[in-house]
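Visitor: Take this structure first; my questions come after.
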Amino acid sequence: MRWVWRALAGLAVLVLILVVGVMMIPADRIARLAADQFEKATGRALQIEGEVSPRFWPVLGIKTGPVTIANAAWSDSTVPLFAADSVTIELSASALLGGDVKILGIAWQRPRLQLERSKSGEANWEFQPEPVAITDGAGDTAPAITAPAGPTAFTLERGLISGATLRYIDHGTGQDLVLDGVDAEFSIPDFTGPFTLTARAVASGQPLSISAEGGVFSAFADGRVVPLTLDLTIGQNRIGFVGRGGWAPRAAEGALTASLSDIPALGAAFGTAVSAPPAGFGADRLSVTGQVVLDEKGALYLDRRAILAAILI
């Protein structure tokens with residue numbers, strides 16, 4: 001996920017290059033310059049097609065034509081990692097003059113994201129910046145290395161995703177999941193404060209919605225555990241979580257509440273065929289509450305659990 005946060009901050013810098021450059025240099029040359037800078041930062045080719053339209057008032061911003069980000073070199077797929085019909089970004093000019101990156105709005109039109117994991121465990125969303133050669137004190141050039149970079153501080157008032165398609169392919173397990181019609185809105189009003197996400201989609205014919213709120217975005221962007229609240233609905237099933245969570249490594253701990261009235265729909269959303277429980281064992285209603293723990297090895301534990309099934313005799 002780190003590539004998401006770095007890409008957001010990188011896009012803000014690209015807006016500056018594009019807006020200022022359009023005033024002096026033809027748009028196609030500016031697009032090539034922006035693509036070159038993106039590739040240096042991420043190691044992936046960025047292609048910007050069509051017209052690049054800058055905005056100077058009342059906010060500093062830009063709208064592009066179709067945009068694509070290349071897939072990993074090891075992938076056999078001809079589908080790029082990311083593609084969108086257009087990208088619109090708006091920045092606060094006054095904040096930029098003060099040295100801060102304040103993104104007022106960012107919107108993707110019909111984005112398509114294809115995430116893949118290879119049989120050996122490589123992920124195509126893990127970016128590898130171009131190596132940087134370092135010169136020692138004697139003037140000799142040391143071997144090129146890639147220096148790690150932490151997340152760049154920025155804020156985002158409102159981010160919008162409209163009509164997106166998300167596909168996840170695991171070449172090791174054969175898992176292939178698709179989310180269609182993804183509409184999402186997210187906000188990061190303070191880089192060191194809370195962040196929010198709401199989204200709707202369709203997974204294998206099942207309607208899905210999610211609402212999430214986390215604390216200390218800067219820590220979460222780096223993968224660390226932060227306060228986390230999650231509300232997930234899949235079909236007629238609802239799952240809630242209040243606790244803490246992080247993703248590098250994956251870990252979570254908190255209170256879980258689940259009301260599962262359509263277990264086959266839950267399985268279908270994750271690409272798995274699951275039969276409904278027999279009558280008397282939760283066929284109509286199954287509720288689960290308790291403290292849940294997800295450790296860094298991926299093991300899931302439910303302590304002090306309470307399971308209520310509708311019993312029909």
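Visitor: Of the residues in the stretch 75-97, how many are over 21 Å from the mean Cα position of the chain (by Cα) and open to solvent by 60 Å² or more (accessible area, probe 1.4 Å)?
Guide: Of the stretch 75-97, the ones over 21 Å from the mean Cα position of the chain (by Cα) are 76, 78, 92-97.
Keeping just the survivors that are open to solvent by 60 Å² or more (accessible area, probe 1.4 Å) gives 76, 78, 94, 97.
Total meeting the criteria: 4.
Visitor: One residue is enough: does the stretch 247-254 have a residue meeting the conditions within 23 Å of A164 (Cβ to Cβ) and surrounded by fewer than 17 Cβ atoms within 10 Å (Cβ to Cβ)?
Guide: Within the stretch 247-254 (the criterion being within 23 Å of A164 (Cβ to Cβ) and surrounded by fewer than 17 Cβ atoms within 10 Å (Cβ to Cβ)), the answer is yes, since at least one residue qualifies.
Visitor: Just one of (1) open to solvent by less than 20 Å² (accessible area, probe 1.4 Å); (2) farther than 20 Å from S187 by Cα trips up G105, so point out which.
Guide: Among (1) open to solvent by less than 20 Å² (accessible area, probe 1.4 Å); (2) farther than 20 Å from S187 by Cα, G105 violates only (2).
Visitor: Could you list, in sequence order, the residues of the stretch 194-227 that are buried (at least 17 other Cβ atoms within 10 Å of the Cβ), without any contact (Cβ under 8 Å) to a residue 40 or more places away in the chain and under 22 Å from L177 (Cβ atoms)?
Guide: Listed by number, the residues that qualify are A199, A201, A212.
Visitor: Say whether the condition of being farther than 21 Å from I161 by Cβ, of a type in the set (F, W, Y) and not in a strand (DSSP E or B) is met by at least one residue in the stretch 275-291.
Guide: Within the stretch 275-291 (the criterion being farther than 21 Å from I161 by Cβ, of a type in the set (F, W, Y) and not in a strand (DSSP E or B)), the answer is yes, since at least one residue qualifies.
Visitor: Go through the stretch 158-193 and count every residue that is among the aromatic types (F, W, Y) and either outside any strand (DSSP E or B) or surrounded by fewer than 15 Cβ atoms within 10 Å (Cβ to Cβ) (or both).
Guide: The qualifying residues number 1.
Visitor: Tell me, yes or no, whether the stretch 94-117 has at least one residue that is in contact with a helix residue (DSSP H, G or I) (Cβ under 6 Å, 6 or more places away or on another chain) and in a loop (DSSP other than H, G, I, E, B).
Guide: yes
Visitor: Would you confirm whether any residue within the stretch 300-310 is modelled with pLDDT of 80 or more, more than 29 Å from the chain's Cα centre (by Cα) and open to solvent by less than 40 Å² (accessible area, probe 1.4 Å)? Before the answer, list the steps.
Guide: Start the filter on the stretch 300-310 by keeping residues that are modelled with pLDDT of 80 or more, which leaves 300-302.
Those left that are additionally more than 29 Å from the chain's Cα centre (by Cα): none.
Within the stretch 300-310, none of the residues are modelled with pLDDT of 80 or more, more than 29 Å from the chain's Cα centre (by Cα) and open to solvent by less than 40 Å² (accessible area, probe 1.4 Å).
The values are calculated or read from the model by the stated rules, or taken from the named source; none is laboratory data. Worth saying up front: this structure is predicted, and the values here are computed from it rather than measured. Heads up, the Cβs are rebuilt from the backbone with ideal geometry, glycines too, and the neighbour counts pull from every protein chain shown. All accessible areas refer to the heavy atoms of the entire protein, side chains included, with ligands and DNA or RNA removed. Shrake-Rupley method; radii C 1.70, N 1.55, O 1.52, S 1.80 Å.
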